[in-house]
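The values are calculated or read from the model by the stated rules, or taken from the named source; none is laboratory data. What you see is a predicted model; the values in this text were computed from it and never measured. Neighbour counts run over all protein chains shown; Cβ positions are idealised from the backbone, glycine included. What goes into the accessible areas is simple: the full protein's heavy atoms, side chains included, and nothing from ligands, DNA or RNA. Shrake-Rupley method; radii C 1.70, N 1.55, O 1.52, S 1.80 Å.
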There are 2 protein chains.
Amino acid sequence: MALVVQKYGGTSVGTTDRMKNVAKRIIKTYDAGNDLIVVVSAMSGETNKLVALANEMSEIPDGREYDVVVATGEQVTTGLLSMYLKSLGYKAKSYQGWQVPIITDGTATKARIESIDDARIRADLKAGTIVIVAGFQGIDSEGNITTLGRGGSDTSAVAIAAALKADVCEIYTDVDGVYTTDPNVCKEARKMEKVSYDEMLELASLGAKVLQIRSVEFAKKYNVDIHVRSSLNENTGTMVTREDKEMEGILVSGVAYDKNEAKIAVMGVPDKPGIAAKILTALSDANISVDMIVQNVGHDSMTDFTFTVTKADLKQSLLITNEVAREIQAKQVVSDENISKVSIVGLGMRSHAGVATKMFSALASNGINIQMISTSEIKISVIIDEKYTELAVRVLHETFGMQC
Amino acid sequence: MALVVQKYGGTSVGTTDRMKNVAKRIIKTYDAGNDLIVVVSAMSGETNKLVALANEMSEIPDGREYDVVVATGEQVTTGLLSMYLKSLGYKAKSYQGWQVPIITDGTATKARIESIDDARIRADLKAGTIVIVAGFQGIDSEGNITTLGRGGSDTSAVAIAAALKADVCEIYTDVDGVYTTDPNVCKEARKMEKVSYDEMLELASLGAKVLQIRSVEFAKKYNVDIHVRSSLNENTGTMVTREDKEMEGILVSGVAYDKNEAKIAVMGVPDKPGIAAKILTALSDANISVDMIVQNVGHDSMTDFTFTVTKADLKQSLLITNEVAREIQAKQVVSDENISKVSIVGLGMRSHAGVATKMFSALASNGINIQMISTSEIKISVIIDEKYTELAVRVLHETFGMQC
């Protein structure tokens, strides 16, 4: 008998019929003698609908109230799934974040899990109850409802698996696992059998939407094996796990892209210390994450400062950046939404030189101009014109021997 | 400066535009220097949508999980309305039932409010915050989400007004107040200026859908004046308040009807003590309210036992009744959904004889057969064939001098 955590995403619970299908898998796992905690997302489309309502009420919705609104999507799924299991004669019980409780910090819309009280859930498991937990949400120390950001249900599942020392954390989704790149863009993308936490972190942060990045951080920190697999079949998926020798042999394990970023350039910035910090501090005070940052070498005591944020944060970021720009007497602030980030990731890069050169040459020989570059130990990302995204992905997939 | 409780129903908050309209009234009240607690329902249609989902998952949905699902409707409204007020620069804060907390008993889907902790709300009011509370919901002593039954938001509003000793409780709806009868059925129905708690209790329980009955019970118990008025205009509505001399002068103050009941008849019941109790106990154990009850005089040691329940409870009531019928060896159980209840209500009945005779004669002379009769000190109800409902209402409205 094992303790299993299963997480079902929005597509898997997108209709009442699909929920009934999910219930079959839950029952199969439970009937095999396992203790079972199920973490669910909102029915697909629901969160978007709720976000649209919020945007109708306010251009930049208040974070606390935004969380109150969007947290209802997961709540509905927990109730529906539990009542179905009960109607079939199984013991089941829904939990909202505040009922577990899943304690988070107070950062509305992007809260971080701080602790999980396992007492109530343990008691239910002991009594043979299937526990259905609302993903994506928690409660802060002031008693406010918080949400964990888009895809946060993955993090909920991994955090619960960590807190209860589950034997396995299965993340069910509408794809068969983690691929070398997006199969919609490149037909010859292959499913990976396993991938290290670090590679998955880079892939997740780069826009491979299979797992939320926080969930992989959690899994790495607490050593939780994540099995990413499809809710539509019985195929083995991809295991996200500790790094091993075998993984290091692969130079580039995946190509990721992200069309969800926008570029902001502050032009004609006085080239003196502290200016970059001033802009970035103002953004981080507003809880906006900046991804890539480039500052050109200055001339005439002036420099340009460029960075990227998510498209969702663009409007607010521009407000803030314009304010700081006036303050520091920069000449101009311009933004561009028509960009995308394309990246290659692989543990093998650590010990191989020349990967970047090979990447840049491949892009150049296909007429793709690189606007910004960012690198880490195991990944290289470039910002390019959005319209070249698919081409770049295919070129890189082929260049690094992934047969696209 | 007064403490005002305002409750807005589903139609008043049915779209984001309507919510913005409601916000205007809230702001007007707040800017006039009042402390303000706003109780809101789910956006119109939302609760029905959630109930439909629940019914797709289970024929008789588990009560606890049903409440988890339907409570989300009000939660969404609180968040949306609060974020809008905040976007206009006002201090506002949403509260779910469990956050107040509004403590109820553990009866899922029809919970009763036991107590309200006013500490957090008081602190917010003191800080100048407009408090937005989700109607219809609470939390039981086990930490489960509970709901108060259809129309429960009225009860939430009155209970909060009572707990915080508000100066007035305004119930905003899509009609101008309480009418002598349904204006859709009888064009000459008049708006009442005021109506006593007892009359309103009878009217509410008889299907005049303006106020939930529990809310009037609460108002009577704690002496809360309820101002029922329209959210679409500035007209004075109807004050539901203590009885006064003037009210007693009116023989019949209103005609109500209810098409929402169904009749169950247990035929050929052995005529011995305890049979009626056996049936009714089984139903009340399942938390089903029985309204009218008639037991015919027996013949051949047999009797018929007839009662009404809401149409929503009919399916479950029949299951239970059939079981008991087998046990007590009754001959047959039959049910009829095509009935309606028509009633006249008035404090004046207490001191005037002959009201019933006048009512029955009026119906008879219009060819309307009476199937069941039930009376109280201030009302007379009859069950008739559903198709005669409107005719009966018009006849009675005219008979008792309400000029229809």
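Cross-link check: pairs B:Lys91/B:Lys220; A:Lys209/B:Lys49; B:Lys28/B:Lys245; B:Lys49/B:Lys315; A:Lys86/B:Lys49 evaluated at a Cα-Cα cut-off of 24 Å; pairs beyond the cut-off: B:Lys91/B:Lys220; A:Lys209/B:Lys49; B:Lys28/B:Lys245.
Rounded to the nearest 20, the Cβ-based charge dipole of segment B:208-253 about its Cα centre (Lys and Arg +1, Asp and Glu -1) stands at 240 debye. Distances between copies of A:Leu319, taken at a point 7 Å out from Cα along the Cα→Cβ vector and listed shortest first: 5.2 nm.
The loop-placed trypsin sites (Lys or Arg not before Pro) in segment A:298-337, going by DSSP, that have at most 14 neighbouring Cβ atoms within 10 Å of their Cβ come out as A:Lys331. Rounded to the nearest 0.05, the FRET efficiency derived from the C-beta distance between B:Lys278 and B:Tyr222 at R0 = 30 Å is 0.25. Sparse packing (at most 16 other Cβ atoms within 10 Å of the Cβ) combined with a DSSP loop state is found for the following GluC sites (Glu not before Pro) in segment B:350-390: B:Glu377. Global size of the protein assembly as shown: 32.1, 114 Å for Rg and Dmax (C-alpha atoms, Rg to one decimal, Dmax whole).
Here the calculated FRET efficiency for B:Arg326 and B:Val294, from their Cβ-Cβ distance with R0 = 22 Å, stands at 0.50, rounded to the nearest 0.05. Take the convex hull of the alpha carbons in segment A:248-404; its mean projected area over all directions comes to 10.0 nm².
Annotation: Cα Rg of segment A:124-164 relative to the compact-globule expectation 2.2 N^0.38 Å equals 1.31. Surface analysis of segment B:180-233 yields an accessible area of 45 Å² per residue, using protein heavy atoms and a 1.4 Å probe. For segment B:3-174, the per residue solvent-accessible surface stands at 32 Å², with DNA, RNA and ligands left out and a 1.4 Å probe.
Derived from the Cα gyration tensor, the three semi-axes of the equivalent ellipsoid of segment A:1-158 are 27, 18, 11 Å, largest first. Inverting the mean 1/r over all pairs of different Cα atoms, compute the Kirkwood radius of segment A:22-95 and quote it in Å. With all distinct Cα pairs of segment A:22-95 included, I get 14.0 Å. Residue separation of B:Asn184 and B:Lys91 scaled by 0.36 nm, minus their Cα-Cα distance, works out to 29.4 nm of gained length. Using a Förster distance of 41 Å, how high is the FRET efficiency between A:Thr236 and A:Arg122, based on the Cβ-Cβ distance and rounded to 0.05? Efficiency at R0 = 41 Å is approximately 0.90. With one equal scatterer per alpha carbon and no solvent term, the Debye-computed log10 I(q)/I(0) for segment B:199-271 at 0.21 1/Å reads -1.06. The equivalent ellipsoid of segment B:66-214 has semi-axes of 28, 20, 15 Å, largest first, where each one is the square root of 5 times an eigenvalue of the Cα gyration tensor. Taking the axis that rotates chain A onto chain B, the chain A residue nearest to it by Cβ, with the distance rounded to whole Å, is A:Thr72, 2. Charged side chains reduced to their Cβ positions (Lys and Arg at +1, Asp and Glu at -1) give segment A:3-174 a dipole of some 780 debye around its Cα centre. Calculated mean residue ellipticity, 222 nm, chain B: -11000 deg cm²/dmol, from DSSP H runs (n ≥ 4) at -39500 (n - 2.57) each, averaged per residue and rounded to 500.
Taken over the Cα atoms of chain A, the convex hull encloses 149 Å³ per residue. In summary, segment B:290-368 shows an alpha-carbon radius of gyration equal to 1.45 times the 2.2 N^0.38 Å reference for compact globular proteins. Just the protein heavy atoms count here, and of the accessible area of chain B at 1.4 Å, carbon and sulfur take up 48 percent. Within segment A:3-174, antiparallel bridges make up roughly 25 percent of the DSSP beta bridges whose residues both belong there. Note that segment A:337-404 presents 43 Å² accessible area per residue, ligands and nucleic acids not counted, probe 1.4 Å. Set against the 2.2 N^0.38 Å expectation for a compact globular protein, segment B:362-404 has a Cα radius of gyration ratio of 1.14. Comparing B:Pro61, B:Ile380, B:Tyr90 along the charge dipole axis of chain B, the residue lying farthest to the positive side is B:Tyr90, per the Cβ-charge model. Basic side chains Lys and Arg get +1 at the Cβ, acidic Asp and Glu get -1 at the Cβ, and with that the dipole of segment A:221-366 about its Cα centre reaches some 80 debye.
Put simply, chains A and B cover up around 3400 Å² of each other's accessible surface, both sides summed, when a 1.4 Å probe is used. Of A:Ala276, A:Ser156, A:Asn287, which is farthest on the positive side of the dipole of chain A, counting Cα position, with +1 on Lys and Arg Cβ, -1 on Asp and Glu Cβ, and the Cα centre as origin? Projecting each Cα onto the dipole axis, the largest value belongs to A:Ser156. Distances between equivalent label points of B:His299 across the copies, with each point positioned 7 Å along Cα→Cβ, amount to 11.2 nm, shortest listed first. Over segment A:225-337, with a single point scatterer placed on each C-alpha, what log10 of the ratio I(q)/I(0) does the Debye formula yield at q = 0.11, 0.17, 0.18 1/Å? For segment A:225-337 at q = 0.11, 0.17, 0.18 Å⁻¹, log10 I(q)/I(0) is -0.54, -0.81, -0.86.
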